[in-house]
Amino acid sequence: MNNDNTNMNTNMNTTNSLGYDKAIVSENLTKKFGRFTAVDTISFSVDKGEIFGFLGANGAGKTTAMRMLTGLLLPTSGRASVAGFDVFTQTEEIKRNIGYMSQKFSLYEDLTIGENIDFYGGIYGLGRSELKTKTSEMIEKFSLGDAGRKLIKDLPLGWKQMLAFSVAMIHNPQIVFLDEPTGGVDPITRRRFWDLIYEASSQGKTIFVTTHYMDEAEYCGRVSIMVDGLIEAMGRPNDLKLQYGCDSMNDVFVKLARPE
Amino acid sequence: MRNIRHIVKKEFTQLRRNKQMLQIIIVLPLIQLLILVNATTFELKDVTMIVSDLDKSATSGRLVERFTASGYFIITGSTESAEHAAKGIDSSKAKMILIIPNGFERDIYGKLSPDVQLIINAEDGSAAGLIQSYASAIIMDFNQSIVRKIMRIPEPEINQGIEIRDRYWYNEELDYKFYMAPGILAILVTIIGLFLASMSIVREKEIGTIEQLNVTPIRKHEFIIGKLLPFWIIGLAELAFGLIIIKLLYDVPFEGSILLLFGMAALYLIVVLTIGLLISTTSETQQQSMFIAWFIMVIFLLMSGLFTPIDSMPGWAQVLAVLNPIAHFVEILRRILLKGAGPSEVQAQFFILLAYAVVTTFLSTWRYRKVSG
C-alpha cells in the first residue's frame, strides 16, 4: 500500500484530490449488499496507459469492484473516478469513455461479426463508412476470411473472445475494463489475446484486467490482489515476488489468498 | 433517434434468424382463428330432449311442437314415467326433460297457472344455462300466444316482433363467429405482444449482453423504445393479418373505421408491451418471465368477458375486470367491427387504455435501470 502511494506521488501532477490526470482513482471504495461487504474500502490508482492486473480468488469482490468502476453498480461509500468522471454522479459520462468486456460473452451469437460491429459501433455513434472500415479491418486483422459472414455462434471460442475485445474497443475508448477475458481459452489464443492487450496499451490505452491465470499476472505492469473484499497487496509483479519471497506470482497469490 | 434505429435493426435481424419464432408468429394466428373461432361457440344446436307429456292434450302437443319447430331441440324419446326420463339424462341420451303435467290444458283455460317442469343436465353449466334460456323463451312465447288466444286479442305485431327478434338475434341474424372472431383476434394480438416483450430484456440478461448494453452510453428511453418498437410493429401486422383472415374465412362485417381500429390497437399494444417489459425487467430467467406472462395472460383471458359475461361476475370481480386491458380491447374490436362505433363510442375505453399505458410505461421504465443499486 505504502509502496503504491509513493509510486503515485512521483507520477503525480494532480489538480485535485481525486487525481483527474489518472485513468482510474479509487479511495476507500466500498460496496455492501445488506450486511455482506463485497468490496471493502479499496484504494488504488491506475496511470494512463498502464496495464493493471486486478487479481483475486473467486468471490473476492473483483467483479463487484469492476462493476462499480464501469458505472454499472452504485457504490455504498468511498470515492472513485474513472477517466476523470465520478462513479456516483457521472456514470453515463464514464460509459462514453470506457470499453468493457464482461465475464459473460457479450457479442450476439445470432448475428455476424459485421452486424455486431454495426450495432455496438452504431450505438457509440460511428458513421456508416466508419463501421464498414472497422468490419473489414477486423476481418483482415484476425484473418477471418469467409468466417466473417458466419454467425458468431459458429466461430471457435478463441476467436469469439478476441472479437469481443475488439468490439469492446470499437469506439476507441481511453480505458478498457476486461473481466476474465481469457477464461476457458487455450494457451496459444491467450498469448494472442495478450498481444492485443499490449497493442492497445502501446496506443496509450489504460487496461484494467482481472484474471485467474497467474502467468498472465506477470504480463501486467502492476497488479493488486484482492482477498475477501480487501486489497491485500499491490505493486509490480517483480516487487511483490521479492516482498513475499516467492518465485512466481502463483506462489504470491496462494500465500495471500490462503494464509496459514 | 439513431440509436433506436440501430436497436430496431438488430432486433429484426435476430428475429429473422429465429426460425421457430417466425413460425409461431405466422402459424399461431392461423391456428387460433381457424380452431378457436369455430370451436368456441355458444350456439345451441340439436339439443336432445325427452318429452314427458302427461297431459296429452292438443295444447300440450302444440307446446312440444314449438320445441321441435324451433330447430334447436330434437326429441329423442318420450315417456310418461319420470324414472325413465331421468335415466335418459343419466345415460346421456338427453340433455333436457320437458315434463308437462296432467291437467295442463284444463288449467290454462281454467285461468290457473299450470307448471311445466324443465330438467336440464347441468354438468356443463354454461350449456345448461343456454338450454334453459332457449327453452324458457319458447315456453314464454307459447304462453303469450295462448293468453292472447283466450283474451281474443289480435296479435300485436310491433310488440311481439321486438320480443322475438331479441331472443333469436344472436343465432339467426348474427353468426356467433362474428361475436367470437374479434375476441380471438384481441387475444392473439395480446399473446404475441406480451410474450415477445416479456422475453426481450430477460433474454439479453441470460446471454449476458445486457451488461454490455448497460455499459454503453445508450439512453434508457432509446433502449426501451428500440426494444419494443419491433414488437409493436409485429403486433399491428398481426392484427392486419388476423383481420384479413376473419374477413376471408368468416366474412365478419367491418362496419367501423379500420383506421380507428388500428389507432386503438396502437395504444393497446403499448399497454401490453410495457406490461411484458415490466415482467422482463423483474425476471432473471426466461422461464420465470414466461411463467409470469402465462399467469397474467390466463387471468386476463378468463376475466375478459369473452368466455363469461362480465355482468354476471361478482361485484369485486367486475371491478377487477375494469383493470383488465383485454376486456377493453375486446369491447373496442367488437364495437368498431360489428357496430360501426365511431370515436365517441370508444372514448371511455380510449381513456382507460391511455391511463393504463401511462402507468405501465412509467413502471416499466422506472424498473429498468442501467445502474443498479
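Every residue, every condition in (1) crowded, with 17+ Cβ neighbours inside 10 Å; (2) of a type in the set (S, T, N, Q), yes or no:
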{"residue": "A:Tyr124", "(1), (2)": "yes, no"}
{"residue": "A:Gly127", "(1), (2)": "no, no"}
{"residue": "A:Ser136", "(1), (2)": "no, yes"}
{"residue": "A:Ile139", "(1), (2)": "yes, no"}
{"residue": "A:Ser143", "(1), (2)": "no, yes"}
{"residue": "A:Lys150", "(1), (2)": "no, no"}
{"residue": "A:Lys153", "(1), (2)": "no, no"}
{"residue": "A:Met162", "(1), (2)": "yes, no"}
## Note on the structure
For the stretch B:1-35, the count of residues that are surrounded by fewer than 17 Cβ atoms within 10 Å (Cβ to Cβ) and either more than 14 Å from chain A (Cβ to nearest Cβ) or within 30 Å of B:Ile131 (Cβ to Cβ) (or both) equals 9
### Message
Of all residues being touching an Asp or Glu at 6+ places or on another chain (Cβ under 7 Å) and within 14 Å of chain B (Cβ to nearest Cβ) in the stretch A:37-70, which is farthest from A:Asp228 (Cα to Cα)? Just the residue, please.
### Response
A:Met66
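Could you say which residue among B:Leu301, B:Leu213, B:Leu273 is within 14 Å of chain A (Cβ to nearest Cβ) and either free of Cβ contacts under 8 Å to residues at least 24 places away in the same chain or under 23 Å from B:Leu185 (Cβ atoms) (or both)?
On the way: B:Leu301 fails: within 14 Å of chain A (Cβ to nearest Cβ); B:Leu273 fails: within 14 Å of chain A (Cβ to nearest Cβ).
Only one candidate qualifies: B:Leu213.
Does B:Asp55 count as at pLDDT below 85 and either under 30 Å from A:Gly114 (Cα atoms) or charged (D, E, K, R) (or both)?
Details: at pLDDT below 85: no; either under 30 Å from A:Gly114 (Cα atoms) or charged (D, E, K, R) (or both): yes.
No: the conditions fail for B:Asp55.
Name the single residue that is nearest to the chain's Cα centre (by Cα) among those in the stretch B:320-373 being of a type in the set (D, E, K, R) and either within 14 Å of chain A (Cβ to nearest Cβ) or under 30 Å from B:Phe223 (Cβ atoms) (or both).
The initial filter retains those residues of the stretch B:320-373 that are of a type in the set (D, E, K, R), namely B:331, B:334-335, B:339, B:345, B:367, B:369-370.
Of the ones still in play, those that are also either within 14 Å of chain A (Cβ to nearest Cβ) or under 30 Å from B:Phe223 (Cβ atoms) (or both) are B:367, B:369-370.
Values: B:Arg367: 32, B:Arg369: 37, B:Lys370: 40 Å.
Taking the candidates together, the pick is B:Arg367.
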### Message
Condition first: within 9 Å of chain B (Cβ to nearest Cβ), modelled with pLDDT of 90 or more and touching a Lys or Arg at 6+ places or on another chain (Cβ under 6 Å). Can you find one or more residues in the stretch A:83-102 that meet it?
### Response
no
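Name the residue that is surrounded by the fewest Cβ atoms within 10 Å (Cβ to Cβ), counting only residues in the stretch B:107-126 that are without any contact (Cβ under 8 Å) to a residue 40 or more places away in the chain and farther than 17 Å from B:Ile139 by Cβ. Lay out the reasoning, then the answer.
Narrowing the stretch B:107-126 to residues without any contact (Cβ under 8 Å) to a residue 40 or more places away in the chain: B:107, B:110-115, B:117-125.
Then drop every residue that is not farther than 17 Å from B:Ile139 by Cβ, which leaves B:110-111, B:121-125.
Details: B:Gly110: 10, B:Lys111: 7, B:Asn121: 17, B:Ala122: 13, B:Glu123: 10, B:Asp124: 11, B:Gly125: 9.
Across the stretch B:107-126, the extreme among qualifying residues is B:Lys111.
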### Task
Give the residue, chosen from B:Val271, B:Val252, that is of a type outside the set (Phe, Trp, Tyr) and part of a helix (DSSP H, G or I).
B:Val271
### Residue list for the stretch B:282-295, restricted to those being loosely packed, with under 15 Cβ neighbours inside 10 Å and closer than 18 Å to B:Tyr368 by Cβ
B:Glu284, B:Thr285
### Query
Considering the stretch B:160-187 alone, what residues qualify as being modelled with pLDDT under 90, hydrophobic (A, V, I, L, M, F, W, C) and assigned to a helix (DSSP H, G or I)?
B:Ile162, B:Ile164, B:Trp169, B:Phe178, B:Met180, B:Ala181, B:Ile184
### Task
Of the conditions (1) surrounded by fewer than 21 Cβ atoms within 10 Å (Cβ to Cβ); (2) more than 11 Å from chain B (Cβ to nearest Cβ); (3) among the aliphatic types (A, V, I, L, M), A:Leu111 clears all except one; give me its number.
(2)
### Query
Going through the stretch A:1-29 one residue at a time, which ones are modelled with pLDDT of 50 or more and surrounded by fewer than 17 Cβ atoms within 10 Å (Cβ to Cβ)?
A:Tyr20, A:Asp21, A:Glu27, A:Asn28
### Query
Out of all the residues in the stretch A:114-125, which are over 18 Å from B:Gly208 (Cβ atoms), of a type outside the set (Gly, Ala, Ser) and at the interface with chain B (Cβ under 7 Å from one of its Cβ atoms)?
A:Tyr124
### Search result, residues across the stretch A:69-89 that are crowded, with 17+ Cβ neighbours inside 10 Å and out of contact with any strand residue (DSSP E or B) (no Cβ under 8 Å at 6 or more places or on another chain)
A:Gly84, A:Phe85
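Got a sec? Which helices (runs of 4 or more DSSP H) wholly within the stretch A:120-239 have at least 1 residues that are in contact (Cβ under 8 Å) with a residue 60 or more places away in the chain? Let's see the steps before the verdict.
Values: elements: A:128-141, A:157-168, A:187-202, A:214-217.
Qualifying helices (runs of 4 or more DSSP H): A:157-168, A:187-202, A:214-217.
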### Message
Looking at (1) at pLDDT below 90; (2) more than 25 Å from A:Arg67 (Cα to Cα); (3) surrounded by 19 or more Cβ atoms within 10 Å (Cβ to Cβ), which one does B:Glu211 not meet, given that it meets all the others?
### Response
(2)
### Message
What's the number of the only condition in (1) buried (at least 18 other Cβ atoms within 10 Å of the Cβ); (2) under 19 Å from A:Ala83 (Cβ atoms) that A:Gly204 fails to meet?
### Response
(1)
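The values are calculated or read from the model by the stated rules, or taken from the named source; none is laboratory data. The model shown is predicted, which means the values in this text are computed figures rather than measured ones. For neighbour counting, all protein chains shown are included, and Cβ atoms are generated from backbone atoms with ideal geometry for every residue, glycine included.
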